[in-house]
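All remarks here apply to the structure that follows.
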Amino acid sequence: MYLSYFDRIKRLTFYMRNTDVVEQYLNLEEDTNQISTSEEIESPISLDYAIQSLQDKKSYAPYEEIINIYHETCKELPRVKNLSQRIKQRITEIWKKVGGNMQKIREVFAKICTSDFLSGRIVGKTWRADLAWIMQWDKFEDVLRDKYAKNYSNAGRQGYEKGKSKLQRFGNILSHNWDFARLEELEEQYIEEQAKHYKGLESDLLHKLNEINAESI
């Protein structure tokens, strides 16, 4: 729940509190306070057993339901053929982070479908998001914040469908519609300004040298 760290260089001690774990423990403690023994039971339910049961209940994630929603919504993305332990852990983490809000998960899947990048609709790109990638909290948050919402115009999609790219490229990076003529014009202006600047410096230097020579004579 808590940790401390001593910085030997700064000679300072830092303290941190794991808020999620502490709040979870406090919630469990409140729940266990409501547990009472029954006269029909010889011994009361142990506190450890009660806490473990509540933890299991709160941490349960409906894996199959989430995977079914993923398959129904993200039809262009790879299907889940094997529910590995890694995916289970990631789904459980997401489930806890969103507080069991299935609508949040649906929203993320819907946003992914509208993203050309995440759905693999970018010309020359073969990568697509899959459930293991989506079920990472940092990626999940990025999708919610519309980090991947930008799409690459209808021309790009048509090029994708025909197998031909109609997007401009700058090296290996998809470029914006740059006005190269304007960029070259600005570059020439900059070069001229720099040339005038250094020419002025050269004139000043020659003038100084001439003054020094005149004084020495």
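A crude spin-label estimate for the pair residue 202 and residue 104, with each label 7 Å from Cα along the Cβ direction, gives 6.5 nm.
Rolling a 1.4 angstrom probe over the range 82-154 with all protein chains present gives an accessible area of which 45% lies on carbon and sulfur atoms. Rounded to the nearest 0.05, what FRET efficiency do residue 215 and residue 188 give with R0 = 41 Å and r taken as the Cβ-Cβ distance? Could you check? The pair residue 215/residue 188 has a calculated efficiency of 0.50.
Exceeding 32 Å between C-alpha atoms, which entries from my cross-link table qualify? They are 10/104; 96/147; 10/139; 10/96. Pairs exceeding 32 Å: 10/104; 10/139; 10/96.
Between residue 92 and residue 15, the simple spin-label model (points 7 angstrom out along Cα→Cβ) gives 3.1 nm. Estimated at 0.36 nm per residue, the fully extended path between residue 65 and residue 133 surpasses their Cα-Cα distance by 22.7 nm. Fully extending the segment from residue 145 to residue 83, taken as 0.36 nm per residue of separation minus the present Cα-Cα distance, adds 19.6 nm.
The values are calculated or read from the model by the stated rules, or taken from the named source; none is laboratory data. Here the structure is a predicted model, which means the values were calculated and not measured. Note that we place each Cβ from the backbone using ideal geometry, even for glycine, and neighbour counts take in every protein chain shown. Surface areas here come from the heavy atoms of the whole protein model, side chains and all, with no ligands, DNA or RNA. Shrake-Rupley method; radii C 1.70, N 1.55, O 1.52, S 1.80 Å.
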